[in-house]
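Quick note: the coordinates plus some simple rules give every number you see, no bench work behind them. Just so it is clear, the model here is predicted, and its values are computed rather than measured. With ideal geometry, Cβ positions are generated from the backbone for all residues, glycine too; neighbour counts draw on all protein chains shown.
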Amino acid sequence: MRLGMPRSKSTRKKRIVEWVPGEWAWCLTLLFMFIRFFTQISTVYLYVTYTALMVMLALLHLNGSEETSRVGNVKLNGAVLGLCFSILVILAFSPYSKEQLVKFCLLLMDVYILVAVLKVNEMESATKVFYWASMVVVAGTFVMYLVSPAFFSSIEGAFQGLFYSPVFFGVPDNNDTAVAMFLLVCLAYKKGWKTGLILGSIYPFLYFGRQYILMCLIVVALSLLAMLKLRKASWLRDQKIDEKLTAKFFYCVFAVSTIVIIGFSYFWVNVIVEDGTSSYKESLNDSSNAIRMNSNVYCFELMTRTPDFLFYGYDSDVFDELGISSTDYSSTANYLISGRYRLVQPHEEVLNLVLKEGLLFAIFYYFIVAHLLSKIKWGEKGKAILVAFFIGSLFLSGFFRDFRLLAFVMIGLSSEIPLRSFAIGITRNRKRTATSGQVAR
């Protein structure tokens, strides 16, 4: 077939059939992400089905690969074995639910397959389909919120206090919706797609989420700093920059950030809150932040005096065990700390996982996550998103678990349009960079 001539239908079909496992995995993962973001389908069966298909693709890849006999990263494989041991301990001794444990492990396995086994590269046409489908749902959600805010009260879990907020059906909590919106905005930012950036700019006017605004401002600030760096060191344009961050770096960030937030929580409870709190969102020292910080301290002290948390946690029974109601926020339906502040589950990433699955599981889990993140080459925009995501995880749990981890990794693997330099006002290289958004080979 000569160049420039359109391909026949039979040729196009043949090409689809000849997709490699990595391309199928990319499309399958985007489909799973869309289902989790925008539908209420979140059963274990969905997770098992997706993971089974991913395992099949991994086996197909290994069957036709010369790398089948290679022993991968020894530390990473050792951490996987350690995680398996911690799971056996939980299954053997924990009297609590195992539902979230199953979901966490299945999605971590899927990320492992994407990054460490298939070493996928982006299939941009599929990414565009996911992006535009998401934009249609987001725009429709915003319109529905403007027309009838009360509509969202009919969605299970969507009612928050005394007000409504625009929520995606798959993540009915307004805080979780803000994380989903941030991830979509980050994808649009990396790719230079304006529709997502516009909708992301509108979102704070519909729901004034402080954490969402903070994360977006961090991305903007760090991107501006990177652009200034390009201006002062224009020779970087001709250099090959290693964009990879080490596993030790990520693991230290998880550990240090947890220590910092514990200390900060004690400071907030003993110094800031004592001056008196304001109503919700009227100041930083409002009732919401007082509840979060007091809950961090309460749950940390609970875990330090209860040896069981070394090996297992409450999993899905966390609300019942802590005396928390997920639907009724009144003082009569919830445990009150010091008879004053409603108890909630810890909003910090690591503390929350330890409370749900135990310290042993958390150690191996974040060790694996750190290694997988280190295999991704982060460009300038990617690093800004990375910092914002880590800071966000200090104040809301679940960033590096479940489908949010999967979505974050997919964004990391996506190609990136480089930043512009203030010095020359044009893009350094309009082509997608070869060193960002890929797995290190």
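What are the equivalent ellipsoid semi-axes of region 91-202, built from the alpha-carbon gyration tensor (square roots of five times its eigenvalues), in whole angstrom, biggest first? Please list the in-between numbers first.
Values: eigenvalues 163, 128, 19 Å².
Taking √(5λ) for each Cα gyration eigenvalue gives 29, 25, 10 Å.
Of the listed peptides 311-318, 92-99, what is their order by residue-averaged count of other C-beta atoms within 10 Å, with the highest listed first?
311-318, 92-99
Sequence-distant or interchain residues sharing an amide H contact under 5 Å with I376, placed H: which?
Here A440 satisfy the definition.
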